[in-house]
1. Among the residues of the stretch 23-43, are any in contact with a Ser or Thr (Cβ under 7 Å, 6 or more places away or on another chain), hydrophobic (A, V, I, L, M, F, W, C) and more than 30 Å from ARG86 (Cα to Cα)?
2. With respect to ALA57, determine if the residue is aliphatic (A, V, I, L, M) and in a loop (DSSP other than H, G, I, E, B).
3. Would the stretch 11-34 turn up any residue that is closer than 18 Å to PRO119 by Cα, touching a strand residue (DSSP E or B) at 6+ places or on another chain (Cβ under 6 Å) and of a type in the set (A, V, I, L, M, F, W, C)?
4. Among the residues of the stretch 38-59, what is the count of those that are in contact with a Phe, Trp or Tyr (Cβ under 7 Å, 6 or more places away or on another chain) and free of Cβ contacts under 8 Å to residues at least 24 places away in the same chain?
5. So in the stretch 9-22, with the set limited to residues that are closer than 29 Å to LEU80 by Cβ and modelled with pLDDT under 90, which one is surrounded by the fewest Cβ atoms within 10 Å (Cβ to Cβ)?
6. Can you tell me which of GLU84, GLU132 is closer than 22 Å to ALA36 by Cβ and either charged (D, E, K, R) or at pLDDT below 80 (or both)?
7. Would you check if there is a residue in the stretch 29-41 being surrounded by 18 or more Cβ atoms within 10 Å (Cβ to Cβ), of a type outside the set (A, V, I, L, M, F, W, C) and at pLDDT 90 or above?
8. Looking only at residues that are crowded, with 18+ Cβ neighbours inside 10 Å and assigned to a loop (DSSP other than H, G, I, E, B) in the stretch 93-118, which one is modelled with the highest pLDDT?
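The values are calculated or read from the model by the stated rules, or taken from the named source; none is laboratory data. Since the structure is predicted, the reported quantities are computational estimates derived from the model, not experimental observations. A quick note on method: Cβ atoms are made from the backbone with ideal geometry, for glycine too, and the neighbour counts reach across all protein chains shown.
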Amino acid sequence: MALVTTGVVVLDCAEPEKLAEFYKELLEAEHVDASANRVEVRTADGFRLALRRDMNATAPSWPRPENSLQAHLEFVAEDLDGVERRIVSLGGRPVESGDPSGAAEERGYADPAGHSFTPRGSGAPPRTPPLERRRG
């Protein structure tokens, strides 16, 4: 049984509603979820893209490193403790422990190359932690 059941590509931006419209049109997608700080679209083949509000977001400057964190991956998982053990065994590291007693249980990690990603419990709605905590 897989510990990770699905994934969503999440892009941080200042205006998720506008960016969601762009991708909705470009990808011929549909809105599937929206909140004050996040909009998600899904294509006909099931690809999911979420746009998360970050008022401090800056345009990518690749390859300059000043603002290299432009996106992060978010996964839905059934067993966060099991996923954590697997991530660490594969060379990943925790960068945020989260609040396991909270309604939106999620944990932040970096892959072996330092890219951030966040598994969250399958029944937990996405939350928007402060960006400063995610850059750890």
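1. Yes, the conditions are met somewhere in the stretch 23-43.
2. yes
3. To start, the set of residues in the stretch 11-34 that are closer than 18 Å to PRO119 by Cα comprises 11-12.
Keeping just the survivors that are touching a strand residue (DSSP E or B) at 6+ places or on another chain (Cβ under 6 Å) gives 11-12.
Add one more test, that the residue is of a type in the set (A, V, I, L, M, F, W, C), and what stays is 11.
Checked the stretch 11-34: at least one residue is closer than 18 Å to PRO119 by Cα, touching a strand residue (DSSP E or B) at 6+ places or on another chain (Cβ under 6 Å) and of a type in the set (A, V, I, L, M, F, W, C).
4. Of the stretch 38-59, the ones in contact with a Phe, Trp or Tyr (Cβ under 7 Å, 6 or more places away or on another chain) are 41, 49.
From what is left, the residues that are free of Cβ contacts under 8 Å to residues at least 24 places away in the same chain are 41.
So the answer is 1.
5. Only one residue fits best here, namely VAL9.
6. Values: GLU84 fails: closer than 22 Å to ALA36 by Cβ.
When all the criteria are applied, what remains is GLU132.
7. Checked the stretch 29-41: at least one residue is surrounded by 18 or more Cβ atoms within 10 Å (Cβ to Cβ), of a type outside the set (A, V, I, L, M, F, W, C) and at pLDDT 90 or above.
8. This residue is ARG107.
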